[in-house]
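The values are calculated or read from the model by the stated rules, or taken from the named source; none is laboratory data. Predicted, not measured: the structure shown is a model, and the values here were computed from it. Please note: Cβ atoms are built from the backbone with ideal geometry, for glycine as well, and neighbour counts cover all protein chains shown.
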Amino acid sequence: MKDTLCFCLAAALLLPVRTRAADSLDNVMPVRGFCIAAPRPAELGRFIGFINKELAPRGVNTLILRVDYNYQFQSHPELRDGNALSRDDVKRLVVVCRENKIHLIPQINFLGHQSSGKFLGSLLRHYPEFDETPWVKMPDHYKWPNADRLYCKSYCPLHPQVHEVIFAVMDELCDVFETDTFHAGMDEVFYIGESGCPRCAGKDKAALFAGEVTAIDDHLQGKGRRLWIWGDRLLDGKTSGLGEWEASANGTARAIDLIPKDVTICDWHYERDDPTAPYFAIKGFHVVTCPWKSPQMAILQAEDMAHYRSRSPAELQERFQGVVQTVWSPVSAFLDKDYSSRSDKPNSWKCFTALFKEIKKLRRESK
């Protein structure tokens, strides 16, 4: 991987700047995104106001909402969270995004992230037979590290009934959101191909991960839709030096050569300006870079993305799609703390404002 990264960087840095029309934000940064948990019903009006007041005026054109089971599903009502969004609630989000020309992308975490802390997620709570590691019991008090290496549970991708359930809720969510794109999460998958699983034991973990991505993508393609995922499991944590969180330490990285090239990769790095976007691009994927709460890193990441777009071969340029600001707190916590904070301490709102200020600066400089 290091050799590939070096090649990508050399290509991006040494080629002459290409002449290109750059008189719009879409030319400088095609994807200008914001990713946050979907609001609860009581937060909906305030969040819609936030879209109108803050996101749209800054030129945000993509909104990823991490819905998971915060929707009143009809196909599998047993999976609904308590106090979940109704169809009418979602339609209000659809309308405000359409009015502001914002591409709305719902997310359900697939494969990994089927638990959080000491709490089991809705899918495995109602379908325990899908659990990749049923012998790992949820603790009364969660801490990391732990003897079971439990971060988050995974479902077994080879269980014969799992896709019947998850595809049904995925289709229903895409329909109600009136979207042509779905985000399947798939980050930080620590449990996969476990030796105690009667279906997965002994199988290639990269092939298992790739098989699940491909199955989801094939289903979406059959409906005329596209798949986005987080990119960390496609990076080798050891050879890249990225470690086991921003990259894989359990053998899934080779899946990058096994999954369909129509998948868009959300490449997240929060504390360093790691140059992995060129790696994904040269492998044939569209890629967006995703910061979190460091304004300095977000500015560097935006500069890098614009640099790659302008200095890469024509075949690579359009694969560098842009940036997506991530928020990893509920809507109410974000609006009450980060958004309203007067502290100088870095947070996701300060990161977002710095990022979008830099995008507009890059637009001016490109003219």
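Within region 236-258, being surrounded by 17 or more Cβ atoms within 10 Å (Cβ to Cβ) and touching an Asp or Glu at 6+ places or on another chain (Cβ under 7 Å) holds for 237, 242, 246, 247, 248, 253.
Applying a threshold of 8 Å to beta carbon distances and a minimum spacing of six or more residues, or different chains, the list of pairs starting in region 349-367 at a residue that is outside any helix (DSSP H, G or I) and ending at one that is surrounded by 15 or more Cβ atoms within 10 Å (Cβ to Cβ) reads 367/22. Look at residue 186 and say whether it is in contact with a helix residue (DSSP H, G or I) (Cβ under 7 Å, 6 or more places away or on another chain) and surrounded by 22 or more Cβ atoms within 10 Å (Cβ to Cβ). Here the answer is yes, as residue 186 does meet what is asked. Within region 324-367, being under 26 Å from residue 262 (Cα atoms) and in contact with an Asp or Glu (Cβ under 9 Å, 6 or more places away or on another chain) holds for one residue alone: 327.
Tell me, which residue of region 125-161 that is charged (D, E, K, R) and not in a loop (DSSP other than H, G, I, E, B) is surrounded by the fewest Cβ atoms within 10 Å (Cβ to Cβ)? Here the answer is 129.
Listed by first and then second residue, the pairs with beta-carbon distance under 9 Å, at least 6 apart or on different chains, first residue in region 243-262 and on the phi > 0 side of the Ramachandran plot, second among the β-branched types (Val, Ile, Thr) and buried (at least 22 other Cβ atoms within 10 Å of the Cβ), are 251/192.
Restricting region 259-269 to residues that are part of a loop (DSSP other than H, G, I, E, B) and buried (at least 20 other Cβ atoms within 10 Å of the Cβ) leaves a set whose member that is farthest from the chain's Cα centre (by Cα) is 259.
Residues in region 282-329 that are surrounded by fewer than 21 Cβ atoms within 10 Å (Cβ to Cβ) and either hydroxyl-bearing (Ser, Thr, Tyr) or in a loop (DSSP other than H, G, I, E, B) (or both): 283, 284, 292, 313, 318, 328, 329.
When you scan region 169-181, do you find a residue that is within 15 Å of residue 66 (Cα to Cα) and either of a type in the set (Lys, Arg) or in a loop (DSSP other than H, G, I, E, B) (or both), even just one? Yes, there is a match, as at least one residue in region 169-181 is within 15 Å of residue 66 (Cα to Cα) and either of a type in the set (Lys, Arg) or in a loop (DSSP other than H, G, I, E, B) (or both). Cβ-Cβ contacts under 6 Å between residues 6 or more apart (or on different chains), taken from a first residue in region 320-344 that is within 21 Å of residue 32 (Cα to Cα) and small (Gly, Ala, Ser) to a second residue that is assigned to a strand (DSSP E or B) and modelled with pLDDT of 95 or more, are listed as 322/31; 322/32; 322/288. Checking each residue in region 193-249 for being more than 18 Å from residue 160 (Cα to Cα), among the hydrophobic types (A, V, I, L, M, F, W, C) and in a helix (DSSP H, G or I) picks out 206, 220, 234. Please go through region 232-284 and give me each residue that is polar (S, T, N, Q) and out of contact with any Gly (no Cβ under 7 Å at 6 or more places or on another chain), ordered by number. Across region 232-284, the qualifying residues are 239, 240, 250, 252, 264, 276. Assess whether residue 202 counts as being touching a Lys or Arg at 6+ places or on another chain (Cβ under 6 Å) and at positive phi. Spelling it out, it is not the case that residue 202 is touching a Lys or Arg at 6+ places or on another chain (Cβ under 6 Å) and at positive phi.
What's the number of the only condition in (1) of a type in the set (D, E, K, R); (2) surrounded by fewer than 21 Cβ atoms within 10 Å (Cβ to Cβ); (3) not in a helix (DSSP H, G or I) that residue 26 fails to meet? Single failed check for residue 26: (3).
Being assigned to a loop (DSSP other than H, G, I, E, B) and more than 20 Å from the chain's Cα centre (by Cα) is the filter; apply it to region 338-348 and report the residue that is surrounded by the fewest Cβ atoms within 10 Å (Cβ to Cβ).
Ranking the qualifying residues of region 338-348, first place goes to 342.
Among residues of region 106-117 that are closer than 16 Å to residue 149 by Cβ, those with a Cβ under 9 angstrom from a residue that is assigned to a strand (DSSP E or B), sequence gap 6+ or separate chain, pair up as 112/155; 112/185; 113/185; 114/120; 114/131; 114/155. Scanning region 25-40 for residues being touching a Leu at 6+ places or on another chain (Cβ under 7 Å) and at pLDDT below 95 gives a total of 1. Scanning region 70-105 for residues that are in contact (Cβ under 8 Å) with a residue 60 or more places away in the chain and crowded, with 18+ Cβ neighbours inside 10 Å yields 71, 73, 76, 79, 90, 93, 104, 105.
This table checks each residue for (1) under 19 Å from residue 220 (Cα atoms); (2) in contact with a Lys or Arg (Cβ under 7 Å, 6 or more places away or on another chain); (3) not in a helix (DSSP H, G or I).
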{"residue": "56", "(1), (2), (3)": "no, no, no"}
{"residue": "81", "(1), (2), (3)": "no, no, yes"}
{"residue": "88", "(1), (2), (3)": "no, no, no"}
{"residue": "96", "(1), (2), (3)": "no, no, no"}
{"residue": "104", "(1), (2), (3)": "yes, no, yes"}
{"residue": "123", "(1), (2), (3)": "no, no, no"}
